[in-house]
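In what follows, a single structure is set out as structure tokens and then discussed.
Throughout, read-outs are computed from the coordinates displayed, never taken from laboratory work. As the structure is a prediction and not an experimental result, all values here were calculated from the model. Because the Cβ atoms are built from the backbone with ideal geometry, glycine has one as well, and the counts that use them run over all protein chains shown.
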Amino acid sequence: MVEQTIRFDDGAAYERWMGIWSRSAGEIFLDWLAPPSGLRWIDIGCGNGAFTELLVERCRPAEVQGIDPSEGQLAFARTRPAAHLAKFHQGDAMTLPFPADRFDAAVMALVLVFVSDPAKGIEEMVRVVRPSGTVATYIWDMLGGGFPLDPILVEMRAMGLTPPRPPQMDASRMETLRDLWTGAGLEAIETREITVHRTFADFDDFWMRVLKGSSVGPTVAAMASGDAEMLKTRVCARMPADTEQLITYGARAHAIKGYRRS
């Protein structure tokens, strides 16, 4: 099977799967950042606005600008309650449509592995924040078993299938994040791991959300019916339910923050 490119164009579908995971990790991330209120934020790769809404709810910002390449995702973001404050624009993480020193904080939530040149993306984040401004991200540990889809991806590979993957997987490594932040000239760099868990009503609930909301959904839908059933059976065996048939498992993200030199 040819390796596929991951695209996120359906904001409602994204919410059913990754939006909920993003919010869980994002709450811990923002508690760790502990920002003061009244800041001007840019949320780069804002997608359907899952993390943007957290910014508005928890950080009492003066301004939030969201940037994403997918108009489909942005259309969903504009329906959120956060849209009373946050503004959403179609754009590229490597050519942000804002002048230098425009924001107090620049963040990426689960995005960096999708930026074709991560160093350029960080350079743009640094450019648009003021001196002493915050530059931060969190990203799933995609090479260390922390990605929420890993139970499915492991079984797909065992069947000889090639699931879709982001173009810059190495950017999810903590060592790579440190190198990127150091290379961008940021100061007072700190890192941490973020671990979150999610519970599904039963395996069918989990599987339905995978098929209808995740990046592997189209791949499974394109499989022969026998192969798809085999994959489902293998994944089910990997994820035993508890006595109430609930399915609970965890995911892990790497987070980093630093500050632009004064």
Report the relative contact order of region 33-191, percent, no decimals, based on alpha-carbon pairs under 8 angstrom and at least 6 residues apart. 19
From the residues Ala82, Pro35, Thr219, which one has its Cα farthest along the dipole of the chain in the positive direction, the dipole being from +1 and -1 charges on Cβ of Lys/Arg and Asp/Glu about the Cα centre? Pro35
At a 10 angstrom cut-off on C-beta neighbours, averaged per residue, how do the peptides 200-209, 98-107 rank from highest to lowest? 98-107, 200-209
Could you calculate the contour length gain from Ala62 to Met239, that is, 0.36 nm times the residue separation minus the distance between their Cα atoms, to one decimal place in nm? 59.4 nm
Quick check: net charge around Pro148, other residues with Cβ under 10 Å of its Cβ, Lys/Arg +1 and Asp/Glu -1? +1
Linear extension gain, Thr199 paired with Ala228, 0.36 nm per residue minus alpha-carbon span: 8.1 nm
Around Ile247, with a cut-off of 11 angstrom between Cβ atoms, what is the net charge of the other residues, counting Lys and Arg +1 and Asp and Glu -1? -2
When 1/r is averaged over all different Cα pairs and the result inverted, which Kirkwood radius in Å belongs to region 114-245? 17.3
Report the charge-dipole magnitude of the chain in Debye, nearest 20, computed about the Cα centre from +1 at each Lys and Arg Cβ and -1 at each Asp and Glu Cβ. 440
Given the C-alpha centroids of region 167-223 and region 41-61, what is the distance between them in whole angstrom? 18
Matching label for the computed Cα extents along the principal axes in Å, out of [x] 46, 40, 36; [y] 58, 36, 33; [z] 71, 65, 32, is [y]
